[in-house]
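These notes concern the structure reproduced below.
The values are calculated or read from the model by the stated rules, or taken from the named source; none is laboratory data. All of these numbers come straight from a predicted model, not from anything done at the bench. A quick note on method: Cβ atoms are made from the backbone with ideal geometry, for glycine too, and the neighbour counts reach across all protein chains shown. For the accessible areas, the whole protein counts, side chains as well, though only heavy atoms, and no ligand, DNA or RNA atoms are used. Shrake-Rupley method; radii C 1.70, N 1.55, O 1.52, S 1.80 Å.
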Amino acid sequence: MVGVEDDELMSYFLKDKWVLITGASSGFGAGAARAFGACGCRLLLGARRVDRLEQTAAAALEAGAREALVYPLDVASTASVTIFMEWVSSKTNTLDVLINNAGGAHGLDPVATATDADWEAMFQSNVLGLLRVTRAAIPMLLKAPGSSIINIGSYAAHVAYEGGAAYCAAKAGELKITQALRLELAGTGVRVSTVDPGLAETEFALVRFKGDKARAAKLYEGTQPLTAEDIGETLVWVASRPAHVNIDEMLIKCADQAAMHKVHRRPKS
Ligand code: NDP
Ligand code: 8X3
């Protein structure tokens, strides 16, 4: 946890800044909205489930957001991204922080039996969606020197696991896009970072296991995973470094996850 003085400093840097968060209807995106909201930011929130976005916006306003505006967004559709970014442009000419968070995993099947639908969904959101939103946002980020693009990657970009071929590949793609963007935007004042979490309890597992609650819960059994709050707080820290500082890549895991295949689990008491 950061100290009180650090909190005040971060709020000082971020107050009134425009922050766009994709996938803000749950998990890390909602956690980020609350954390940037607590710094007095103006939030532009997108995802497909608008009712859930509205809940996020209410929580962010309660935390202290200056504004929390929502609009439907499907990053898997170029047309949806275009309409969403037109809406963003109707609210502000500049953008201070872009959090490319929308994404997730679909299925945990080995390549031998996985489906095209799952592969396509993972590449559409985690890779192409990130590219589409970033392309549309760059002109607005360029107008705000010291602005940040922060992409949500994954530990899965660094370590492969059985059943994760397409998800690991998609997140490895996110890492390479981040690195290429940093080269392309060098000297413009736009910073580019990736925050790569390990095991974290959100709706991620529920989506991966297609609504199977028992299977999703098993993933977190006996461990203390990362939370949406942990990642929201981390994103605020990355965005609030002084303008000459770029946090390139941050791998963040819970203390119980020493390695991809070594997660400490406490026996049931
Ligand atoms: P959640 O399932 O809780 O959140 C995923 C968010 O992404 C939702 O808000 C969802 O909104 C949105 N989303 C998914 N697809 C689309 C789409 N096509 N268009 C717009 N929004 C979309 O999981 P997390 O919060 O955990 O996931 C957030 C990010 O973090 C993802 O990129 C995930 O891969 C990554 N990650 C997760 C980890 C974990 O263990 N939880 C670890 C490392 C990385 P909606 O359905 O309303 O559109
Ligand atoms: C989510 C982390 O390890 O389940 O990106 O792939 S993992």
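Observations, loosely collected:
- Single residue of E201, E184, E174 found to be open to solvent by 50 Å² or more (accessible area, probe 1.4 Å), touching a strand residue (DSSP E or B) at 6+ places or on another chain (Cβ under 8 Å), acidic (D, E) and within 22 Å of M250 (Cβ to Cβ): E201
- Verdict on L251 being open to solvent by 20 Å² or more (accessible area, probe 1.4 Å) and at pLDDT 95 or above: yes
- Residue within the range 188-196 that is buried (at least 21 other Cβ atoms within 10 Å of the Cβ), among the aliphatic types (A, V, I, L, M) and assigned to a strand (DSSP E or B) present: yes
- Pairs meeting the criteria (first residue in the range 252-269 and without any contact (Cβ under 8 Å) to a residue 12 or more places away in the chain, second residue away from ligand 2 (no atom under 13 Å from the Cβ) and open to solvent by 70 Å² or more (accessible area, probe 1.4 Å), beta carbons under 9 Å, at least 6 apart or on different chains) are A258/H264.
- Single condition S26 does not satisfy, out of (1) over 19 Å from T92 (Cβ atoms); (2) more than 16 Å from ligand 2 (Cβ to nearest atom); (3) at pLDDT 95 or above: (2)
- Of all residues making up the range 7-28, the number that are outside any loop (DSSP other than H, G, I, E, B) and out of contact with any Phe, Trp or Tyr (no Cβ under 8 Å at 6 or more places or on another chain): 10
- Filtered by the rule that a residue be more than 20 Å from P267 (Cβ to Cβ) and either without any contact (Cβ under 8 Å) to a residue 60 or more places away in the chain or open to solvent by 50 Å² or more (accessible area, probe 1.4 Å) (or both), the range 204-226 gives F204, A205, L206, V207, K210, G211, D212, K213, R215, A216, L226.
- Picking from residues in the range 135-145 that are open to solvent by less than 20 Å² (accessible area, probe 1.4 Å) and away from ligand 1 (no atom under 16 Å from the Cβ), the one that is nearest to L98 (Cα to Cα) is L141.
- Among residues of the range 153-168, those that are near ligand 2 (Cβ under 9 Å from one of its atoms), in contact with an Asp or Glu (Cβ under 8 Å, 6 or more places away or on another chain) and of a type in the set (A, V, I, L, M), counted: 1
- Neighbours by Cβ (under 9 Å, 6+ apart or cross-chain): first from the range 117-139, in contact (Cβ under 8 Å) with a residue 60 or more places away in the chain; second hydroxyl-bearing (S, T, Y) and away from ligand 1 (no atom under 14 Å from the Cβ): none
- Residue within the range 29-43 that is surrounded by fewer than 20 Cβ atoms within 10 Å (Cβ to Cβ), part of a helix (DSSP H, G or I) and either in contact with a strand residue (DSSP E or B) (Cβ under 8 Å, 6 or more places away or on another chain) or not basic (K, R) (or both) present: no
- Selection of the range 208-231 for residues being closer than 15 Å to R34 by Cα, part of a helix (DSSP H, G or I) and within 16 Å of ligand 2 (Cβ to nearest atom) yields A228, D230, I231.
- Applying the set (1) over 30 Å from E86 (Cβ atoms); (2) open to solvent by less than 40 Å² (accessible area, probe 1.4 Å); (3) not in a helix (DSSP H, G or I) to A160 leaves exactly one unmet item: (2).
- Residue in the range 103-118 that is part of a helix (DSSP H, G or I), within 21 Å of A47 (Cα to Cα), at pLDDT 95 or above and open to solvent by 10 Å² or more (accessible area, probe 1.4 Å) present: yes
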